[in-house]
Amino acid sequence: MTIAIYPGSFDPITNGHLDIAARAAKLFEKLIIGIYEAPNKQPLFTIEERVELVRQSIVDLPNVEVKPFNKLTVDFARRVKAQAMVRGLRMSADFEREFDMAMMNKRLFPELELVCLMASAEYQFLSSTLLKEAVSLGGNINDLVPEHVAAALRKKVNSKM
Ligand code: ADP
């Protein structure tokens, strides 16, 4: 069975992430969205909340699952027996960072292939960071995330004010 992981912090999941997940799900028999706990990034949502937001976003994608992880991405890949790792590339800043990480990961797990999918034009500018900033300033983000994520974001931001 071809298994791929799609790792990230997903704080929270956006339509840009979902677009990549749906496209990758057509390439592999199983896609596992791996949610990195990322304590150093001080995420807005807890790991449990992020997993749940992803779970509710992938109900229409039968070969996609979600699992949390908190150590090296390559160890997570080994544990779930993945042959490939999927990442989304936006035009602006992603390439250099991905390239550096890919070189390191190749050393740590040479057999794991990296598959980068180009972000779709409508989501090139979309990042979880910008999204959180927009919500905290009262912006309308309804077209950028699933409805349950928009609701969770508004609730979280209001609870912090
Ligand atoms: P990380 O903390 O690893 O950057 P993210 O949750 O921000 O995790 O992103 C996970 C993956 O999804 C990364 O490969 C990132 O480049 C990609 N990604 C993020 N936003 C988008 C988007 N709008 N369109 C396509 N891919 C995206």
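The values are calculated or read from the model by the stated rules, or taken from the named source; none is laboratory data. If you're wondering where the values come from, they're calculated on a predicted model, not measured in any experiment. Backbone-built Cβ (ideal geometry, glycine too); neighbour counts: all protein chains shown. The accessibility values were calculated without ligands, DNA or RNA, using every heavy atom of the protein model including side chains. Shrake-Rupley method; radii C 1.70, N 1.55, O 1.52, S 1.80 Å.
Below, the figures for the structure above:
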item: Selection count where residues are more than 9 Å from the ligand (Cβ to nearest atom), at pLDDT 95 or above and open to solvent by less than 70 Å² (accessible area, probe 1.4 Å), scope region 111-151; result: 9
item: Verdict on Lys41 being at pLDDT below 95, open to solvent by 50 Å² or more (accessible area, probe 1.4 Å) and either touching a strand residue (DSSP E or B) at 6+ places or on another chain (Cβ under 6 Å) or basic (Lys, Arg) (or both); result: yes
item: Residue in region 77-97 that is within 28 Å of Lys155 (Cβ to Cβ), near the ligand (Cβ under 10 Å from one of its atoms), at pLDDT 95 or above and open to solvent by less than 30 Å² (accessible area, probe 1.4 Å) present; result: yes
item: Residue match in region 50-66 (condition: within 13 Å of the ligand (Cβ to nearest atom), outside any helix (DSSP H, G or I), among the hydrophobic types (A, V, I, L, M, F, W, C) and in contact with a helix residue (DSSP H, G or I) (Cβ under 9 Å, 6 or more places away or on another chain)); result: yes
item: Residues satisfying the stated conditions in region 1-31, i.e. away from the ligand (no atom under 12 Å from the Cβ) and either in contact with a His (Cβ under 9 Å, 6 or more places away or on another chain) or of a type in the set (D, E, K, R) (or both); result: Lys26, Glu29, Lys30
item: Residues within region 104-135 that are under 28 Å from Leu44 (Cα atoms) and assigned to a helix (DSSP H, G or I), tallied; result: 13
item: Flag if Lys106 is open to solvent by 70 Å² or more (accessible area, probe 1.4 Å), more than 10 Å from the ligand (Cβ to nearest atom) and among the basic types (Lys, Arg); result: yes
